[in-house]
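Novice: Before I ask anything, let me first share the structure, which is written out below as structure tokens.
The values are calculated or read from the model by the stated rules, or taken from the named source; none is laboratory data. If you're wondering where the values come from, they're calculated on a predicted model, not measured in any experiment. Reconstructed Cβ throughout: ideal geometry from the backbone, glycine too, with neighbour counts over all protein chains shown. To get the accessible areas, we keep the full protein, side chains included, count just its heavy atoms, and leave off ligands, DNA and RNA. Shrake-Rupley method; radii C 1.70, N 1.55, O 1.52, S 1.80 Å.
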Amino acid sequence: MKPQNNKPVRVRFAPSPTGHLHIGSLRTALFNWLFARHHHGIFLIRIEDTDVVRSTKEYEHSLLESLAWTGIVSDEPLMYQASRMELYRQYAQQLIAQGKAYKCYCKQTELQEKREETQQRQDTYQYDKACRALGDDSSNPNPYVVRFKVVIDSENFIFHDEIKGEVSIPAQQIDDFVLLRSDGTVTYNFANVIDDHETAITHVIRGEEHLFNTPKQILLYQAFGFQAPSYGHIPLILGPSGQKLSKRDGATSVVEYKNEGYLPQALCNYLVRLGWSYGDQEIFTQQEMIQHFSLQGINRSGAKFDIEKLKWVNSFYIKALTPQEIIEIFSKDLKRNLAQDTSAWTQDQRQTCISLYQDRVSTLTELYDQVVKSYNPPASYDWENLRQLIEKDAVIILQLLQQEFVNLEFEKHQLSEKVKAFCKLHNYKMSEIAQLLRFALTGSISGPSIFDMMVLLGCKEVQKRMSGVIAEF
Ligand code: GLU
């Protein structure tokens, strides 16, 4: 999509603060942000808080915090719709004065009855335009809503969508919709158009659930004589069943992913690729995303959310961090205190332990738990696993090894030479003894190199853990 009429690109992300940031919304925000950066344009955040009952400050902070966590911030001051009510009323007044909108005095209860009747006939409900002919009678004291006078000359309303191509919506599905409610508050479609116009938005990139709102919005632009922005509707994110991704399919909010130990760069990389592609490249630096992003690269159909792939992307980014960076993220994002949970260790030991496990995990919570687990002597042993290994001689082997380790410098090469010699002498395979040691020291039969672990724990702790498992046998 080229910049509209060569105007500088201006896009916006317009969340309603009625819940935490959904991962689908983060993807929408990201696509907008990338589009703006790609075209050296402006990205705005507008808070659509006109639903006073469901909007809360808590959700607003949560949304903004989640966005900031991924590096998405507004290039201009935030806009709040709730503080612009007077302006919307003025615009509505203008349409009434021009005969393009009218006051509707129909009672909610009557409309509801008519709606139910049509539903029973299995017809599409449309407001019957009863108040269209009344004119602007300012002496009428009854409560009213302001409706837009929808005039469409053809059977279908057709518009161009930058992602979906030509979209055709039956005209009969677009009735005289409400602009202002009887309490004077504004509806989504009306406020959206006024604000997009006032902030000179050139491209509206949003979820496909808004596809049916677009004709109404374009009609409003036409009524005001404003130029409508270009539209691009992003297909839904689907759950494993092929239905819209829902809470039933697992975590759907960005905060949950943050708390579970996903990195923002991994979540963004995964979400950008979900429904958008650039050849078969999977991992993108932020610069590459900006460089290659285009609306043409977005698929026309929904994309299935795949947690295993997200984990794979996350593990890629975890591997790329330094242990010190990981320690900082533990405290900043996971609010965990590693120094406290591994208090007898030096910072060097913590970093070493992280480096031993960071290639083996897919989330940072998993890594944290693994580090703390290594710090503490095994809470229990899975004897079944051991028995498959070298059950009968285990105690003797461990006792002999304990003696070998006395007065030995705990250095990786020395340890491995010692164990090698031991295996040769007693006719064991190195892999068997390594597994037995791993079992004794960590309680598990899989993990990083046992000699690295032994260096990390130090002679005293190794001897202690070996005695511990011998005693339990
Ligand atoms: N507040 C709307 C939403 O939450 C904004 C839709 C739009 O971008 O126009 O989805």
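Novice: With a 1.4 Å probe and all protein chains left in place, how much of the accessible area of the chain comes from carbon and sulfur atoms, in whole percent? All intermediate terms of the calculation are to be shown ahead of the outcome.
Specialist: Numbers: 11150 of 22990 Å².
Roughly 49 percent, rounded to a whole number.
Novice: Based on the alpha-carbon gyration tensor of the stretch 101-215 and its eigenvalue square roots a ≥ b ≥ c, which shape applies: rounded if a/c is under 1.5, prolate if not and a/b is larger than b/c, or oblate?
Specialist: Oblate, because a/c is 1.5 or more while a/b does not exceed b/c.
Novice: Counting other Cβ atoms within 10 Å of each Cβ, which trypsin sites (Lys or Arg not before Pro) in the stretch 401-473 have at most 12 and sit in a DSSP loop?
Specialist: Lys429
Novice: Now, a different point. With every protein chain present, what is the per residue accessible area of the chain (1.4 Å probe, Å²)?
Specialist: 49
Novice: Want the number for Asp136 to Lys412: 0.36 nm per residue separation, take away the alpha-carbon distance, what's left?
Specialist: Full-extension gain reported as 90.5 nm.
Novice: Would you mind checking the pairs Lys319/Lys429; Lys247/Lys304; Lys244/Lys309; Lys129/Lys216; Lys57/Lys107 and listing those with alpha carbons more than 22 angstrom apart?
Specialist: Those over the limit are Lys319/Lys429; Lys57/Lys107.
Novice: Just the number: Rg to Rh for the chain, Cα atoms, Kirkwood Rh, two decimals.
Specialist: With Rg and the Kirkwood Rh in hand, the quotient comes to 1.17.
Novice: Working with all protein chains in place, sort Asp49, Asp75, Asp153 by solvent-accessible area computed with a 1.4 Å probe, largest first.
Specialist: Details: Asp49 20, Asp75 65, Asp153 150 Å².
Accessible-area ranking of Asp49, Asp75, Asp153, largest first: Asp153, Asp75, Asp49.
Novice: Same structure, new question: Hey, can you grab everything whose amide H is under 5 Å from the amide H of Lys304? Only 5+ residues off in sequence or another chain; H modelled, so Pro and N-termini drop out.
Specialist: Leu238
Novice: For the stretch 51-62, take each phi angle, set θ = phi - 60°, evaluate the Karplus expression 6.51 cos²θ - 1.76 cosθ + 1.60, and give the result in whole Hz per residue in order, putting x for glycine and proline.
Specialist: Working through the residues one at a time gives 7, 5, 6, 8, 7, 9, 5, 4, 5, 4, 5, 4 Hz.
Novice: Assuming R0 = 51 Å, what is the FRET efficiency of Ser449 and Ser301, from their Cβ-Cβ distance, to the nearest 0.05?
Specialist: 0.65
Novice: If you count the DSSP beta bridges with both ends in the chain, what percent of them are antiparallel, to the nearest 5?
Specialist: If we restrict to bridges inside the chain, about 55 percent are antiparallel.
Novice: Still on this structure, please answer the following. What Cys residues in the chain are without a partner cysteine, judged by a Cβ distance under 4.7 Å?
Specialist: So, Cys106, Cys268, Cys353, Cys423, Cys459.
Novice: If you don't mind, there's one more thing I want to ask. I'd like the FRET efficiency for Val372 and Asp280, computed as 1/(1 + (r/R0)^6) with the beta carbon distance as r and R0 of 56 Å, rounded to 0.05. Walk me through the intermediate numbers first.
Specialist: Details: r = 38 Å, r/R0 = 0.68.
That pair, Val372 with Asp280, gives E of 0.90.
Novice: For the stretch 253-375, restrict the atom set to alpha-carbon positions and state the Rg and Dmax in Å.
Specialist: Answer for the stretch 253-375, Rg first and Dmax second: 16.4, 55 Å.
Novice: Another question about this same structure. Need one number: nm distance between label points at Ser331 and Gln93, each 7 Å from Cα along Cα→Cβ, rounded to one decimal.
Specialist: Those two pseudo-labels are separated by 5.7 nm.
Novice: Right, next: Pulled fully out, how much extra length does the chain show between Ala421 and Ala471, if you take 0.36 nm times their separation in residues and subtract their Cα-Cα distance?
Specialist: Separation in residues times 0.36 nm, less the Cα-Cα distance, equals 15.4 nm.
Novice: Quick check for me: using +1 on Lys/Arg Cβ and -1 on Asp/Glu Cβ, what's the dipole size of the chain about its Cα centre, in debye to the nearest 20?
Specialist: The calculation lands at about 220 debye.
Novice: On a C-alpha basis, how far is the centre of the stretch 35-98 from the centre of the stretch 321-369 in Å? Whole number, if you could?
Specialist: Result: 38 Å between the Cα centres.
Novice: At 1.4 Å probe size, what's the solvent-accessible area of Thr124? Round to the nearest 10 Å².
Specialist: 80
Novice: Quick check: the angle from helix 23-38's long axis to the longest principal axis of the chain, C-alpha only, nearest 10 degrees?
Specialist: So the helix axis and the longest Cα principal axis differ by about 80 degrees.
Novice: Hey, rough spin-label estimate for Glu288 and Glu432, points 7 angstrom out along Cα→Cβ, what's it come to in nanometres?
Specialist: Taking the simple label geometry, Glu288 and Glu432 are separated by 4.7 nm.
Novice: Sticking with this structure for a sec: Given only helices, namely DSSP H runs of n ≥ 4 each adding -39500 (n - 2.57), what is the per-residue ellipticity at 222 nm of the chain, to the nearest 500 deg cm²/dmol? Could you put the intermediate results ahead of the total?
Specialist: On the way: 20 runs with 220 residues, N = 473.
One gets -14000 deg cm²/dmol as the mean residue ellipticity at 222 nm.
Novice: Follow-up question, since we're still on this one. Starting from the stretch 105-134, pick out the trypsin sites (Lys or Arg not before Pro) whose DSSP state is loop and whose Cβ has at most 15 other Cβ atoms within 10 Å.
Specialist: Answer in residue order: Lys107, Arg121, Lys129.
Novice: Select from the stretch 1-83 those trypsin sites (Lys or Arg not before Pro) which occupy a DSSP coil region and have at most 15 other Cβ atoms within 10 Å, ordered by residue number.
Specialist: Sites meeting the loop and neighbour criteria: Arg54.
Novice: How charged is the neighbourhood of Gly302? Take every other residue with its Cβ under 14 Å from the Cβ of Gly302, and add Lys/Arg as +1 and Asp/Glu as -1.
Specialist: +1
Novice: Show Ser241, Ser294 ordered by accessible area, largest first, where the area counts protein heavy atoms only and the probe is 1.4 Å.
Specialist: Ser241, Ser294
Novice: For the modelled label position 7 Å from the Cα of Asn385 along Cα-to-Cβ, which residues of the stretch 435-455 have backbone nitrogen atoms closer than 15 Å?
Specialist: From the stretch 435-455, the list is 435-450.
Novice: What's the local net charge at Gly135, with K and R +1, D and E -1, over the other residues with C-beta under 14 Å away?
Specialist: Every neighbour counted, the sum reads +4.
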